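The values are calculated or read from the model by the stated rules, or taken from the named source; none is laboratory data. Only a predicted model underlies this, so the values are computations on that prediction, with no experimental measurement involved. Ideal geometry is used to build each Cβ from the backbone, glycine not excepted, and the neighbour counts take in all protein chains shown. The accessibility values were calculated without ligands, DNA or RNA, using every heavy atom of the protein model including side chains. Shrake-Rupley method; radii C 1.70, N 1.55, O 1.52, S 1.80 Å.
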Amino acid sequence: MQATIIAHETPGETASEEIHRFRFQLDDDESGRVTDSISLRTARVIVENLEDGNAFIQMLRVIVSAEPLQYDSLVGSSYIDKR
């Protein structure tokens, strides 16, 4: 599987920082291509509760550990399952 961050959406001025959204694409030989989005808040919950193991979790760990000023620079970054 390969996970790629394809967009970052900044929340409105009155919204919480936790509402930053990241659009991503997952490419998998078995499932094909899936495009979806995730909020920073949801990414944090997943990272806290799941161990590393695939490209999706690797991508979420990078998002969660990034500083807000770095979010836009994550667009285009890809992560591949470790085998």
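Need pairs with beta-carbon distance below 7 Å; first residue among the polar types (S, T, N, Q) and assigned to a loop (DSSP other than H, G, I, E, B) and within region 1-28, second at pLDDT below 95 and open to solvent by less than 50 Å² (accessible area, probe 1.4 Å); sequence gap 6+ or separate chains. Cβ pairs passing all conditions: 10/20.
Inside region 61-83, residues that are part of a helix (DSSP H, G or I), surrounded by 13 or more Cβ atoms within 10 Å (Cβ to Cβ) and free of Cβ contacts under 8 Å to residues at least 12 places away in the same chain make up a count of 0. Among all residues of region 50-60, there is none that is modelled with pLDDT of 95 or more, open to solvent by 50 Å² or more (accessible area, probe 1.4 Å) and among the charged types (D, E, K, R).
Would region 12-20 turn up any residue that is surrounded by 13 or more Cβ atoms within 10 Å (Cβ to Cβ) and at pLDDT 95 or above? Taking every residue of region 12-20 in turn, none turns out to be surrounded by 13 or more Cβ atoms within 10 Å (Cβ to Cβ) and at pLDDT 95 or above.
Scanning region 68-79 for residues that are modelled with pLDDT under 95 and out of contact with any His (no Cβ under 8 Å at 6 or more places or on another chain) yields one hit, 69. Among the residues of region 28-43, just one is surrounded by 12 or more Cβ atoms within 10 Å (Cβ to Cβ) and farther than 22 Å from residue 71 by Cβ, namely 28.
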